[in-house]
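Working notes, beginning with the structure itself.
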2 protein chains.
Amino acid sequence: MERLLQSVKIAINEKIYVKDPESSDLGKRIIEESILMIYDMGFESFTFKKLGIKIGSNESSVYRYFENKHKLLLYLTSWYWGWLEYKLVFATNSITNPKEKLTKAIEIVTKAIAQDSSFSHINEVILNKTIINEYSKSYLTKEVDAENKEGYFVIYKRLINRISEMISFVDVDYKYPSSLASTILEGSLHQYFLRDHFISLTDCHQDGEATQYFLHLVFTSLKG
Amino acid sequence: MERLLQSVKIAINEKIYVKDPESSDLGKRIIEESILMIYDMGFESFTFKKLGIKIGSNESSVYRYFENKHKLLLYLTSWYWGWLEYKLVFATNSITNPKEKLTKAIEIVTKAIAQDSSFSHINEVILNKTIINEYSKSYLTKEVDAENKEGYFVIYKRLINRISEMISFVDVDYKYPSSLASTILEGSLHQYFLRDHFISLTDCHQDGEATQYFLHLVFTSLKG
DNA sequence: TAATATATGATAGTATTGCTATTATATTTG
DNA sequence: CAAATATAATAGCAATACTATCATATATTA
């Protein structure tokens, strides 16, 4: 994904931020460091004050980019899903065979993340781990319906829908394409979490096993 | 489940509470009302001060039962999984045919919850909804490994293991029994969440459809 | 180059949260 | 009835999640 994507920018719903963090150096450092800090200390302990100190800036300056840390989490997750979506479309676009296409999609979505040098200030490996630990907290809130209406989850929904469509292309008669697509994405994050914290609850211990598990799950369920 | 279970008590790891809430009237009201309040206002907005006011008691009195609201959440989730485990064992114990047994287990675990009058102070219907919204927050923390060592998640792990074993009984050669069991439990909660908040991401809109989805998913994946 | 707009930094202040500690008052039990 | 125990009331404290104001640095443009 190196040189090809130099000019690609993941488009995030403008209501999520006050000022676009991509528009300044400080903004980029906010994104860069918040990913690392949330990974290190967990979302609960993370504060804008601590972030300000870490980036050699000020709490009040961070507030000029994001209203609160929940919005920052929404930004990070949206960016992640946008980035995954890009990789998915890029890798599957040229494939015409439905089974092959879905296989590729599942691989992209369930495989461990490797560093991507296209977006220099974002560490995708750490972001992926942060997403595994914190993603659910972005929607397990009382505000989820209001925020959904505002379009804060469009990228995620679009990604699930793309996979859902690929599933239906393999088997038009399958009754649960959206549920299955959701299970793949959410379930894959969960398998990685289990691997790190509840080893006895998963069988996906080696690299690539989560992918094998989901490929088997999906293709035995689909006809055709 | 009426009369039969009158004397059954769900056994919770004693380290989770300071004083057993089952041991007093105040304790039971703490459990009863906290379920309703967390459901109504969400875990983030819920505080012991508010709970004290609601039950006509005092913040300091609540602290005599639970160190903090995280521990209370651990208690509620442990209770829920213990209750589900009981229902599962009760319903599947007499079944010898492996497929039938697993089918029953999946039904128990994925079906919408009906009121159970066995535990008068606990509203299982609301508790189930609270678990759907808040369960992940009990383990998506920086303390998860330490708390796991303390045994705070034993009931959940035992429940997953029971299902995992039932899966292996149907198909000894299946390589991912634990992953699949985890997917069923976690995935089922997620499908219910999607049904309430992201309808386009699930196909399980009617009662019983989640069960059908998982039954299909599981039995197409297993041989024998 | 001066005037002005814009971004950032520093400091202060406020309500709420998440507790701990102390003391007072019920209630139960011996 | 005394003693133990449970609960209630109040105070207090450090941290969080902001908001507001003012100062200063940097960039733009007239």
Gyration tensor over alpha-carbon atoms, the range B:83-130, equivalent ellipsoid semi-axes in Å: 23, 12, 6
For A:Val18, distant residues with modelled amide H under 5 Å away: A:Phe66, A:Glu67
Computed log₁₀ I(q)/I(0) - Debye formula, equal Cα scatterers, no solvent, the protein assembly as shown, q 0.05, 0.08, 0.13 Å⁻¹: -0.19, -0.48, -1.27
Entries in A:Lys87/B:Lys142; B:Lys101/B:Lys223; A:Lys15/A:Lys149; A:Lys111/B:Lys101; A:Lys87/A:Lys111 that, when Cα-Cα distance is taken, lie over 23 Å: A:Lys87/B:Lys142; A:Lys111/B:Lys101
Gyration tensor (Cα) of the range A:143-224, equivalent ellipsoid semi-axes in angstrom: 24, 21, 9
Ratio Rg/Rh [Cα only; Rh per Kirkwood] for the range B:76-221: 0.95
On Cα atoms only, tilt of B:177-197 relative to the major axis of chain B in degrees: 60
Dimensions in Å of the range B:29-151 - Rg and Dmax from alpha carbons: 16.4, 53
Folded to 0 to 90 degrees: helix A:124-134 orientation relative to chain A principal axis, Cα: 90
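Within chain B, what is the longest stretch that has no trypsin sites (Lys or Arg not before Pro) placed in a DSSP loop and near at most 15 other beta-carbon atoms within 10 Å? Please list the in-between numbers first.
Numbers: sites that count: B:Lys9, B:Lys19, B:Arg64, B:Lys111, B:Lys142, B:Lys175, B:Lys223.
No qualifying site falls inside B:176-222, the longest such stretch.
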Which of B:Val218, B:Val172 has the fewest Cβ neighbours within 10 Å, and the rest in rising order: B:Val172, B:Val218
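Summing -39500 (n - 2.57) over the DSSP H runs of n ≥ 4 in chain A and dividing by its residue number, what mean residue ellipticity at 222 nm do you reach, to the nearest 500 deg cm²/dmol? Show your work: numbers first, answer last.
Values: 10 runs with 134 residues, N = 224.
Calculated from helices alone, the mean residue ellipticity at 222 nm is -19000 deg cm²/dmol.
Near B:Gly82, within a Cβ-to-Cβ distance under 11 Å, what is the net charge of the other residues, with Lys and Arg +1 and Asp and Glu -1? Walk me through the intermediate numbers first.
Numbers: positive: B:Lys9, B:Lys87, B:Arg158; negative: B:Glu85.
Counting the neighbours of B:Gly82, the net charge comes to +2.
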Whether the range A:106-175 is rounded, prolate or oblate, judged on the alpha carbon gyration tensor where a/c under 1.5 counts as rounded: oblate
Between 0 and 90°, nearest 10: helix A:154-170 axis offset from chain A longest Cα axis: 10
Approximate spin-label separation B:Arg64-A:Glu150, in nm, with each point projected 7 Å along Cα-to-Cβ: 4.2
Scattering curve values for the range A:16-56, log₁₀ I(q)/I(0), Debye with Cα scatterers, q = 0.16, 0.32, 0.34 Å⁻¹: -0.38, -1.12, -1.16
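Would you mind checking the pairs A:Lys69/A:Lys129; A:Lys137/B:Lys19; A:Lys175/B:Lys157 and listing those with alpha carbons more than 28 angstrom apart? Working shown, then result.
Details: A:Lys69/A:Lys129 18 Å; A:Lys137/B:Lys19 30 Å; A:Lys175/B:Lys157 31 Å.
Over 28 Å Cα-Cα: A:Lys137/B:Lys19; A:Lys175/B:Lys157.
Laboratory data are not the source of any read-out in this text; all were calculated from the coordinates shown. Computed from a predicted structure; not experimentally measured. Positions of Cβ are backbone-derived with ideal geometry, glycine not excepted, and every protein chain shown enters the neighbour counts.
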